[in-house]
Amino acid sequence: MARYDFVIAGAGLVGLSAALALTRQGLKGLIFDHGLAPSAASGATQVLGLDRSPRVSAINPASVKFLTQLGVAPAFFDQAGCSVSGMTVWDGDGSGELSLPSAGYIIENHRLLNALFNALGQPSIAEALTQQFEVGIVDLQQDDETVSITLTTGETIQSGLLIGADGSASRTRDLLGIQSVAWRYDQTALVCVSETALPHQGIARQSFTPEGPLAFLPLPEPNHSVLVWSSTQAQAQLHCSEKEFAAMASVHSARPLGPVTAIGARAVFPLQQQHAIRYAKGRSVLVGDAAHSIHPLAGQGLNLGFADVVSLSQAIENLRLDQRQSLSEALRRYEAQRRPVNLRMTAATDLLKRVFDPPSPLLRLARSTGMRWLQNQTRLKQALSLAAAGHL
Amino acid sequence: MTTAENVDPIEIQKFEDMARRWWDPDSEFKPLHAINPLRMHYIAERATLAGKRVLDIGCGGGLLTEALATAEASVTGIDMGTLPLQVAKLHQHESNLEIEYLQSTAEDYAEQHPGTFDVVTCLEMLEHVPDPDSIINACGKLLKPGGDLFLSTINRNPKSYLFAIVGAEYFLRLLPRGTHDYQKFIRPSELASSLRTHQFDLQNLVGMTYNPITQHYALSGDTQVNYLMHARYEPF
């Protein structure tokens, strides 16, 4: 029976980063995913004559630092993504606006995924890590020394540690019997690549429209952004013509970016927030969306996931210094470190969403006044920027 | 009550507690127990022990010393710590092994016993002394020509627990006054060069890594943190 130091369920961005962090510590592991191998996985397709995908993430400087430590070339971020110098948030009716300095990148998920797979290709790491695709987890049992994991292939493997990085619908979480609390929203996120008449100048923008928050996240091309509309009307917006949709979005983009002149294929995904009531159980642990998924309006989901891996990897590294401590104690320390921070961000994002959600004119007034007030509060703005940069 | 022996029962109790913990594989001395079979196996594979004269420098509470004696070597253990030596002697009563324990520095002992030993072991000690080269020199003096020397240095580090536990007394005797914190990683190349200077031939170098998940030590090619070294004294 195969035996590993660690097994990771889920070869997404967070799972791959965990695999890199642990193999770099000299540990041997297995990572598996129910999806296809990366070479067969779909990357970008031609959109508006560009090689761009609307599936993007915001990466803050703390995440950039972590990814660089994992072996992603520092030049990668400027080559593959768009450096963001600021973010502007405004009320849909133009009554309030807030500009914050920001740092980081907007980057397409598949490019980051490829960068991580490339880092895994270094000989010393490739040797230490087994990868399996089109494989899921069926069952798990754990005792003081071992987690036994049964895969969809029928194979049972043994590991000292199991990491659930299998996303918001985590099967690992279910098998561990860990409950999660969910906030469901009446919104669906619609995403597409868009072209605007005016350049974005490296600013991420978000308008709180009556349908829900509408973000324009800058792409490397000066007039192209990824449009993310967390909307109550996403189904209608998905099925109308491109021209009609561009007109709807232009109402909100007009002031800073000019009208939306073209859009790529639209895709939708459901929105919800959820938080696992615990992250660690015995020799198993949850990271990233398996532990917590948040509304994308603050662009923090992936950053929180990477911060989880930093903390987990440090907790395991610390066991080398204090060899009397057990792994399960280290996993509980990881949980104690990360859960309050993630919960705060989840609650803050939920609050933001709710404040900007209801169409009540009174609340809108309070909100636009609040934004004008906030615009003048330098220290508070600094605190918000720091939070967004991952210095919570 | 007899007054013939001038001993304090409380002091004796302290030594007995320490001895019990030192030899308890689930105590704070766990890491030392974890590496002991590994380093003992390494030594036994590369040198004949039965019937040979063996010196264990920095013997501490006698974990390796007793293992060497169990392999039927005639063993002497030296250390500068009073407390560890007491622990070693107390445990010797239980194990009934024939071992000579002495408080001495390697340098002093070499002056008194040149060319005496077939095997010298000096494990997890070099990184804690201000002048490792002087210890290597003493090891050369102590060995018979063709004798085997086993060295290890451990960076992160079972022995640092001992220093934390056994404390300042150990340090004060090991180091000259006014010096402290000599825990420094000695690179394998530095040690190899010191060995060559003192007429040793390097036989083997192997890494020793701790796996924080399985909590086991294993020999490996990774000599970046901890390693074991085998050298042979070839003075001619």
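No lab work stands behind these numbers, since they all come straight from the coordinates. Model, not experiment: these values are computed from the prediction. All Cβ positions, even for glycine, are placed from backbone atoms using ideal geometry, and neighbour counts span all protein chains on display.
Okay, here's what the table says:
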| read-out | value |
| --- | --- |
| Descending semi-axes in whole angstrom, ellipsoid equivalent of region A:148-255, from the Cα gyration tensor | 40, 17, 13 |
| For region A:68-82, 3J(HN,Hα) per residue [Karplus equation, 6.51 cos²θ - 1.76 cosθ + 1.60, θ = phi - 60°, Hz, x = Gly/Pro] | 5, 4, 7, x, 6, 4, x, 5, 4, 5, 6, 6, 9, x, 10 |
| Burial ranking of peptide ranges B:206-216, A:71-81, A:242-252, A:17-27 (average Cβ count within 10 Å, highest at the top) | A:17-27, B:206-216, A:242-252, A:71-81 |
| Over region A:87-155, relative contact order from alpha-carbon pairs under 8 Å, at least 6 apart, % | 16 percent |
| Among A:Pro259, A:Gln323, B:Gln86 - extreme Cα towards positive end, dipole of the protein assembly as shown, charges at beta-carbon | A:Pro259 |
| Residue exposure sequence - A:Ser311, A:Ser231, A:Ser124, A:Ser63 - by fewest surrounding Cβ within 10 Å | A:Ser124, A:Ser311, A:Ser231, A:Ser63 |
| Average beta carbon contacts from partner chains per residue of A:24-30, 10 Å cutoff | 3 |
| Percent of C-alpha pairs per 10 Å bin, region B:55-98, short to long | 34, 59, 7 |
| Inter-chain shielding of A:316-325 (mean C-beta neighbours from other protein chains, 10 Å cut-off) | 5 |
| ³J(HN,Hα) computed for each position of region A:286-294 - Karplus, 6.51 cos²θ - 1.76 cosθ + 1.60, integer Hz, glycine/proline x | 10, 9, x, 4, 5, 8, 7, 10, 10 |
| Among A:143-150, B:26-33, the order from most to least packed when residues are scored by Cβ within 10 Å on average | B:26-33, A:143-150 |
| Beta bridge orientation in the protein assembly as shown: antiparallel %, DSSP, nearest 5 | 65 percent |
| Under 5 Å, built H, 5+ apart or other chain: amide partners of B:Thr153 | B:Glu124, B:Tyr227 |
| Amide H contacts under 5 Å for A:Ala262, placed H, 5+ residues apart | A:Glu195 |
| Note, ³J(HN,Hα) from phi for region B:195-205, Karplus 6.51, -1.76, 1.60, rounded to Hz, x at Gly and Pro | 4, 4, 4, 9, 6, 9, 9, 6, 9, 7, 9 |
| Cut-off under 5 Å, modelled amide H: who pairs with A:Tyr4 long-range | A:Gln158, A:Ser159, A:Gly160 |
| FRET efficiency for A:Ala169 and A:Val251, using Cβ-Cβ distance with R0 set to 30 Å, rounded to 0.05 | 0.30 |
| Dipole magnitude of chain A, debye to nearest 20 (Cβ charges: Lys/Arg +1, Asp/Glu -1, about Cα centre) | 1000 debye |
| Shielding by partners - mean other protein chain Cβ count within 10 Å, residues of B:202-215 | 5 |
| Ordering of A:297-304, A:337-344 by burial proxy (mean other Cβ atoms within 10 Å per residue, highest first) | A:297-304, A:337-344 |
| Gain on full stretching of the segment that runs from A:Thr68 to A:Arg278 - 0.36 nm per residue minus C-alpha separation | 72.7 nm |
